[in-house]
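K.L.:
Before we start, here is the structure in question, set down as structure tokens.
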Amino acid sequence: MIELDTLNKSFDGVQAVHDLNLEIHRGEFLCLLGPSGCGKSTTLRMIAGFIQPDRGRIRIDGVDVAGYGPDARPTAMVFQDYAIFPHLTVAENIEFGLKAQRTGKAERAHRIPEVLDLVGLGGLGARRPGELSGGQQQRVAVARALAIRPSVLLMDEPLSNLDAKTRIQLRTQLREIQRDTGTTIVYVTHDQEEALALGDRIAVMKDGSLEQLGSGRDIYQAPASGYVADFVGVTNWLAAELVRASDDGWDVAVAGVSLRVTPGTTASAVTAGAAVDVSVRPEDFRLIPDDAAEPAPGVQVLSGVVRDEQFLGPMVRTLVDVGDDVVMVHSGQGGWPAGTPARLLFDSGAARGYLRAGPSARPPAARAELAAAAAH
Amino acid sequence: MPDTIKRSSDAPGSAARSAAVEPHWQRRSRRRTLTDRITVGTLALYVGGLLGLLVLVPTLYLLFVPNGADWSRLTESRFTEASINTATIGVASTLSATVIGFLFAYALSRPDVPGRGVLRVMALLPLISPPFVVGLAVLLLFGRRGLITHELFGQDVSLLGVGGLWLVQSLAFFPLATLTLLPTLKNIGSTLEWASRDLGWSWFQTFRRVTLPLAFPSILNALLLVAMFVITDFGNPLLIGGGYRVLSVEAYVQAVGRQDFGMAAVLCVVLFVPTLILFWIQRRVLRRRATVTVSGKTGSLPPMPLPAVVRRTLVTVLSGISVLMVLIYGSILLGSFTRAWGADWSLTLNHWETALLRADDIRNSALFATVAAVITTISTLVAAYVVHRTRVIGRSVMDGLAVLPAAIPGTMIGVSWLVTFNEPPIALTGTALILVLVMVVRAIPVGYRTAVTTINQISPSIDEAATDLGASRARVIGRIMFPLLGGAFTTSFVFGFLHAINTLSAVIFLTSPGIGLGAPTIVNLAEFGQWGAATGVAAGLMVVSFAGLALAKLIFGSKLRMYEL
């Protein structure tokens, strides 16, 4: 229902969106995920009609919208900073778009309380925006956008100005509203957790292009690149060297230990001796005492020494020195004294190897995470 | 020393001993409290005395000058007419100046309007030159022997009178509105306008339903500010009002022409009442606006582009006004090189020689304005400190007196000073001091506002920290406040200088044959038809102003935060 066809946009010579192709289905909740500057907001603004693409087409409901301004497109935007009109009451804010659509008075009187109820603000129509909390203001913005019954609801980091609790509350509410109304939503965020919680599908963007498109589960469990593995969720990176590539997987050497991992990319031909980064999620490690019985064959094993432990509430994060690396292990219990020798077990399916592109040993985000954890 | 500290922090057993020998820190604290009180007391006395003498005394004194007969003469047709004229031209010029000011501000807030650099200069010119220069120029261009009316079109009509005054005041005072409106128009933020477009409204409807309502408090504020300047304007009505008499000019005629100070005082009070009301409302509006912040920051959304039609219209209108402005300031320059405007158009350097001969006036203006700016800057910073950082009694009175001169018509200051300081106990008439001090009064409100803004930006925890570390009040002021106020210091100084050098209405009453000033000299020369000399002095005065501003910009660069268009 929305088709983006080789979209391109650059600002002052910097390519913000590069050959972007994306198809968004009717009734879908699609998250555009990526760090700042990846082109996700630019994409959203091109769909809304705030900026014009340099090249490429946007079709909404099969219609090329190139010639239409934002007022003519069947889209409604929810902004990061709410953009509630401060000189109008809550009800007048909602009425604002209805009037523009020349909705009849009776219909307006019907629809305003309806959308207010939908976002849980029933009875607050007479309030001024200044009297509302940030979360309430953003609900007004959602109600205002829904009131005009757009084909697509565009949301530009709508929750990022809110505190953590309100954010999670509104997140849940948004999903329910989307399910109840069947509205198509394109949701821009840089928060991977938010994207996982909300999106039917997630489009991970990098440098203006689509890096991976899929369900949250796909993207978390089978990241198509080291970039995605690193950006979505938390992961450990182990520097490795490729020993042998076969149909069953890759045999790699990590700090002298031979391991079997799953190739992360179905990429081109690989040669033995190539540098590889291996990603293992912290929850995919199992920590056992050094003197425990030999694990079952097929299970991958690394040896290390417990460095520190952090109690995080629902789980415990154990930091383990493995060679020169520090590895995070998430478990329910913990209880490992510092200095204890231990072994880390994981399945080869949970370890994904990526050919190292640049000279840097692992993507910087993970290193920063580790450095921060280590400094803790 | 360590011994004392140790003892004072000793176990409870030594309490009896330390009661006998007062701990060192306690004694020091007592001494500190005393010196702090002396410091604050001295500063408060200075501020209170200065404001009392320069603002309160003359204003009150003026109220007692007229007798009952003077008051009853108000109903004479001459004076009722002047009142009605003041109100009429006041409303007309205020509206037109605010509309022009809005157009300039709107254009300056839109990155897709071309030539904003030029517009910025056009809006800046009237702010840093005396407002009556516009009147003088219109006289040259559209007067009876005007370059355009007479020479170009051979007409014997002139714009003298209410029409010309309207034009002149619109052009002279629109930058005040621009300056007031620009921050708001910039802050309304593209997001709200985009939201309106996104919800289905066209550009025009968005302008009407979002931009204008959000700018409304600022527009009101601009109207009030411009109105205060327009109805107290003195130079322009004097120069081109012709037979159209307004209160400020009438008060001048009564005081200087007829030596009737009672009547002059009455007219000043009549003019003071509306300005005071406008001023009071403006302060209220400002305060309320401070609590209503416009949400929807600019964010990273590009500003909404103007429709081509709107952009073309806006550019056309503003170009027209800009051309007029260029003509106006150009004619001043041209006039200063023309032998006899309207009769002999040959070029000459005579007027510049005269201006240099009359250099005394310009030099006095520059010198007195500099001294006045120094006094104003220091005094307003001290005043802001006393009012906002101490608990001295009478702070609110001082605050009121520091902003009040903004509401007092210049004519009223002139007349009140003339009658107050003419004879003992404080006889200052005919001295340079009275001119410097009256310039100080004119510059105090703007300097004070700058100082207060800056001092409120310095977190109280900074001087609390210094006090906590053992610094005295005097030390906090000298070592913490003054260095941190550096930027405000220079800004306030340049503002003060420009206000002082351009003031006309207050000083025209107080200059004496021995000590002239540039601004009154220009008007006097123009009144006698000595265009060349008048434009020569005007050009000279403007050169000094611009040079001063340029010099300050050169030295202080971005630290100088003023006229941010």
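K.L.:
Would a scan of the range B:73-87 turn up a residue that is under 30 Å from B:GLU564 (Cβ atoms) and touching a Lys or Arg at 6+ places or on another chain (Cβ under 8 Å)? I'd like the intermediate steps shown before the answer.
P.N.:
Our first condition is that a residue be under 30 Å from B:GLU564 (Cβ atoms); within the range B:73-87, this holds for none.
Checked against the condition, which is being under 30 Å from B:GLU564 (Cβ atoms) and touching a Lys or Arg at 6+ places or on another chain (Cβ under 8 Å), the range B:73-87 yields no hits at all.
K.L.:
Ok, one more. Can you tell me which residue is farthest from A:THR103 (Cα to Cα) among those in the range B:197-206 that are crowded, with 19+ Cβ neighbours inside 10 Å and more than 7 Å from chain A (Cβ to nearest Cβ)?
P.N.:
B:TRP203
K.L.:
Give the residues of the range A:119-155 that are surrounded by fewer than 18 Cβ atoms within 10 Å (Cβ to Cβ), outside any helix (DSSP H, G or I) and touching a strand residue (DSSP E or B) at 6+ places or on another chain (Cβ under 9 Å), sorted by residue number.
P.N.:
A:ARG149, A:SER151, listed by residue number.
K.L.:
Moving on. Residues to consider are B:LEU167, B:LEU181, B:LEU127, B:LEU176; find the one that is surrounded by fewer than 22 Cβ atoms within 10 Å (Cβ to Cβ), within 19 Å of the chain's Cα centre (by Cα), away from chain A (no Cβ under 14 Å) and closer than 25 Å to B:THR232 by Cβ.
P.N.:
Working: B:LEU167 fails: within 19 Å of the chain's Cα centre (by Cα); B:LEU181 fails: surrounded by fewer than 22 Cβ atoms within 10 Å (Cβ to Cβ); B:LEU176 fails: surrounded by fewer than 22 Cβ atoms within 10 Å (Cβ to Cβ).
None of the others qualify; the one that does is B:LEU127.
K.L.:
Can you go through A:LEU132, A:LEU153, A:LEU174 and tell me which one is closer than 27 Å to B:PRO217 by Cβ and of a type outside the set (Val, Ile, Thr)?
P.N.:
Result: A:LEU132 is the single residue among A:LEU132, A:LEU153, A:LEU174 that is closer than 27 Å to B:PRO217 by Cβ and of a type outside the set (Val, Ile, Thr).
K.L.:
Mind listing whichever residues of the range B:528-547 are under 17 Å from B:ALA340 (Cβ atoms) and touching a residue at least 40 places away in the same chain (Cβ under 8 Å)?
P.N.:
Answer for the range B:528-547, where residues must be under 17 Å from B:ALA340 (Cβ atoms) and touching a residue at least 40 places away in the same chain (Cβ under 8 Å): B:TRP531, B:GLY532, B:ALA533, B:ALA534, B:THR535, B:GLY536, B:VAL537, B:ALA538, B:ALA539.
K.L.:
What number of residues within the range B:207-220 are touching a Ser or Thr at 6+ places or on another chain (Cβ under 7 Å) and either over 14 Å from B:PHE102 (Cβ atoms) or facing chain A (nearest Cβ under 7 Å) (or both)?
P.N.:
So the count comes out to 2.
K.L.:
While we're here: I'd like to check which helices (runs of 4 or more DSSP H) are fully inside the range B:331-447 and have at least 1 residues that are under 24 Å from B:PHE64 (Cβ atoms) and among the hydrophobic types (A, V, I, L, M, F, W, C).
P.N.:
Hits in the range B:331-447: B:395-403, B:410-420.
K.L.:
Which pairs have Cβ atoms under 6 Å, sit 6 or more apart or on different chains, and link a residue in the range B:183-207 that is on the phi > 0 side of the Ramachandran plot and touching a residue at least 60 places away in the same chain (Cβ under 8 Å) to one that is of a type outside the set (Gly, Ala, Ser) and in a loop (DSSP other than H, G, I, E, B)?
P.N.:
That search, which allows pairs on different chains as well, returns B:GLY189/B:LYS297; B:GLY189/B:THR298.
K.L.:
Further, regarding this structure: Taking the options A:ILE51, A:ILE84, name whichever one is farther than 30 Å from A:SER225 by Cβ, within 14 Å of another protein chain (Cβ to nearest Cβ) and of a type in the set (A, V, I, L, M).
P.N.:
A:ILE84
K.L.:
What's the total number of residues in the range A:87-112 that are surrounded by fewer than 16 Cβ atoms within 10 Å (Cβ to Cβ) and more than 14 Å from every other protein chain (Cβ to nearest Cβ)?
P.N.:
Summing the residues that are surrounded by fewer than 16 Cβ atoms within 10 Å (Cβ to Cβ) and more than 14 Å from every other protein chain (Cβ to nearest Cβ) in the range A:87-112 gives 6.
K.L.:
If we keep just the residues of the range A:331-344 that are part of a strand (DSSP E or B) and in contact with a Leu (Cβ under 8 Å, 6 or more places away or on another chain), which is nearest to A:GLY226 (Cα to Cα)?
P.N.:
Top of the filtered list is A:LEU344.
K.L.:
Residue by residue through the range A:54-81, note down the ones that are within 14 Å of another protein chain (Cβ to nearest Cβ), part of a loop (DSSP other than H, G, I, E, B) and among the aliphatic types (A, V, I, L, M).
P.N.:
Of everything in the range A:54-81, those that are within 14 Å of another protein chain (Cβ to nearest Cβ), part of a loop (DSSP other than H, G, I, E, B) and among the aliphatic types (A, V, I, L, M) turn out to be A:VAL65, A:ALA72.
Yes/no matrix, rows are residues, columns are (1) modelled with pLDDT of 80 or more; (2) more than 14 Å from chain A (Cβ to nearest Cβ):
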| site | (1), (2) |
| --- | --- |
| B:VAL269 | yes, yes |
| B:ILE281 | yes, yes |
| B:ARG289 | no, no |
| B:THR316 | yes, yes |
| B:LEU327 | yes, yes |
| B:GLY330 | yes, yes |
| B:ARG339 | no, yes |
| B:GLY342 | no, yes |
| B:ASN350 | no, yes |
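The values are calculated or read from the model by the stated rules, or taken from the named source; none is laboratory data. Note that the coordinates shown come from a computational prediction; the quantities given were computed from them, not determined experimentally. Cβ atoms come from the backbone with ideal geometry, glycine included; neighbour counts cover every protein chain shown.
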